[in-house]
1. In deg cm²/dmol and to the nearest 500, what is the mean residue ellipticity at 222 nm of the chain if only DSSP H runs of at least 4 residues count, each as -39500 (n - 2.57), divided by the residue total?
2. Students often forget the sequence filter, so: which lysines lie under 22 Å Cα-Cα from residue 454 once same-chain residues fewer than 8 apart are removed?
3. Students often forget the sequence filter, so: which lysines lie under 16 Å Cα-Cα from residue 247 once same-chain residues fewer than 8 apart are removed?
4. At q = 0.15, 0.20, 0.25 Å⁻¹, what base-10 log of I(q)/I(0) does the Debye formula yield for segment 105-188 when every alpha carbon is treated as an equal point scatterer in vacuo?
5. With charges only on Cβ, +1 for K and R and -1 for D and E, what is the dipole size of the chain about its Cα centre, in debye, rounded to 20?
6. Largest first and to the nearest Å, give the Cα extent of segment 450-566 along each principal axis.
7. For the Cα atoms of the chain, what angle does the longest principal axis make with the long axis of helix 209-219, in degrees from 0 to 90, nearest 10?
8. Considering only DSSP beta bridges whose two residues both sit in the chain, what percent are antiparallel, to the nearest 5?
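Derivation of every value follows stated rules applied to the coordinates shown; laboratory data play no part. Quick caveat: nothing in here was measured; it's all calculated off a predicted structure. Ideal geometry is used to build each Cβ from the backbone, glycine not excepted, and the neighbour counts take in all protein chains shown.
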Amino acid sequence: MRRIRANAIAILTVAWILGTFYYLWQDNKPHTSPSSASQPRAVGIKSHGQKSASGRLEIHREDRTIPLIVTQPSRGEGQGQLMGTFDEKSYLASKQLKAGEDPYREHAFNLQESDRIGSERAIRDTRHYRCASVNFDPDLPPTSIIITFHNEARSTLLRTIKSVLTRSPPSLIQEIILVDDFSSDPEDCQLLSQIPKVRCLRNARREGLIRSRVRGAGAASATILTFLDSHCEVNTDWLQPMLQRVKEDHTRVVSPIIDVISLDNFAYLAASADLRGGFDWSLHFKWEQIPIEQKMARNDPTQPIRTPVIAGGIFVMDKSWFNHLGQYDTHMDIWGGENFELSFRVWMCGGSLEILPCSRVGHVFRKRHPYDFPEGNALTYIKNTRRAAEVWMDDYKQYYYAARPSAQGKAFGSIADRLALRQRLNCHSFRWYLENVYPELKIPEQEVVFSLLKQSGLCLESYTSDSLGLAECKSNIPASQKWMLIEPQIRQHDLCLTITAFTTGSKVRMEPCSPKESRQKWKARGPALQHVVSGLCLDSQPPVGPPVITQCRPQLASQSWEPQLVT
Ligand code: LR7
Ligand code: MN
């Protein structure tokens, strides 16, 4: 009897243990990739990090259980092979923080923490669990990784490089090109070239990230370029989804979801998978929710997300497509604006931009720039964004100037070569971009100001499109006497004051407005209205029949047009 009881207890115990294992295995299944099924799990935190409109980082946390996947060096590559003769300890030791030194001072993040956590650590696989079962072509093309930096901390730079080497299939990394943008210590870069595949280019003077990237891209030997900031940490299988999309269509420019590495404690936090890149009219980048219709249509969370703009620092692009589209605007300095210029150009000239949710890369978001801007931060940002607006935004640039009045009158250099590029590539208009790529960007309500155009007590009036002339100013002002003076156009609804030829004596009539029509461009010259291209002025002579354009003599009564606001 006792034996039977003992047996029963033993059987029950075994069944309980098996049951517990089965339960755990079931629970584990949907979250865990086949390669990581044997890895430990732990409680983690899911968070959403984004830069707010004010440029501050906002982190929203939501406690949740997420599998911890310890990402190991790729199979077959030992540490020794990966790092070659590079001596990590001495590289890091020579730049240790001194006792009592402010750990945020030099890099605007907590250097002490970055140094402490080491160059290699376990981070959570922050992808949706379905990403682990997505398949990629076995023959994806290798890529050149380009990292530009100016006075980056050694520990963050090394972590960026090491995570690339340990978390990418080695065959896909052709090389890592470091462009040292004239950092104070040339050894920051030089010593790293002891790591196999790592090359170091040093600028002879400070160029800024835009020209540095162009230099790096020029030196790249792979057919695909991958750009990274110098304080990143790539996550499990980050590279394959991006190479796959670019391999399938070389005009795609793709970005990962950019996870947040805390600038205080260097915790790796998952960003929301429902965000895309957007901006406001002042050309300030912001993360925004995917529009609700698109969100509803997304039944597969591994699908790419179309994005109007990319954040700028982390993306993959075919090298010949990068060259074909004109690389970057190399007249942009130091930092800022190049992501808009590239994004507008890619969309408007035949490509597309996507964020791939199955690719995750962590980035240390900071609240201030830790480096100097030789021309000043504000002026540089204005110069760069003004160039982007002037080349790509057509008449919509007026909203940029309205949102950033300080940009008016600031020098931005010649844009002739970029305009020629746009012409040569036969790119779409900015209006096309707004209608097809970013219809959610609200066009500001135009403050319509009407004005009378008075001459010797009479008012300019349009009767029909062909018939204009001076008439008695009516107290109950008719639409035919109200003019909108929106430089360079003189409008009535969608009709514009248009010259019929460029020679003196040519008649003036009303024609449908078109932003490109040079016959409709006017500017004020004293009391006169001068046609920009011909240089001739609006003249009410002959008094009968439509006005004409004649040699400018603003002192003539027949060329004097006094605007009077209609209130
Ligand atoms: O003079 C310089 N030379 C450089 O090489 C100044 C900077 N740099 C390097 C710098 O070391 C870093 O590697 O350029 C890179 C970007 O500079 P950060 O990290 O100081 O700026 P950021 O993270 O705010 O930059 C974001 O916006 C920039 C606009 O010009 C670039 O597009 C950055 O690449 C971009 N970073 C990202 O998109 C990562 C995600 C952040 C967001 C949003
Ligand atoms: Mn950065």
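1. Numbers: 15 runs with 145 residues, N = 567.
Rounded to the nearest 500, it is -7500 deg cm²/dmol.
2. 474, 482, 507, 521, 523
3. Here the lysines satisfying the reach criterion relative to residue 247 are 319.
4. Cα-only, vacuum Debye calculation for segment 105-188: -0.74, -1.09, -1.29.
5. With Lys and Arg at +1 and Asp and Glu at -1, about 720 debye.
6. Computed over segment 450-566, the largest-to-smallest principal extents equal 35, 30, 24 Å.
7. 70 degrees
8. Percent antiparallel among DSSP bridges in the chain is about 70.
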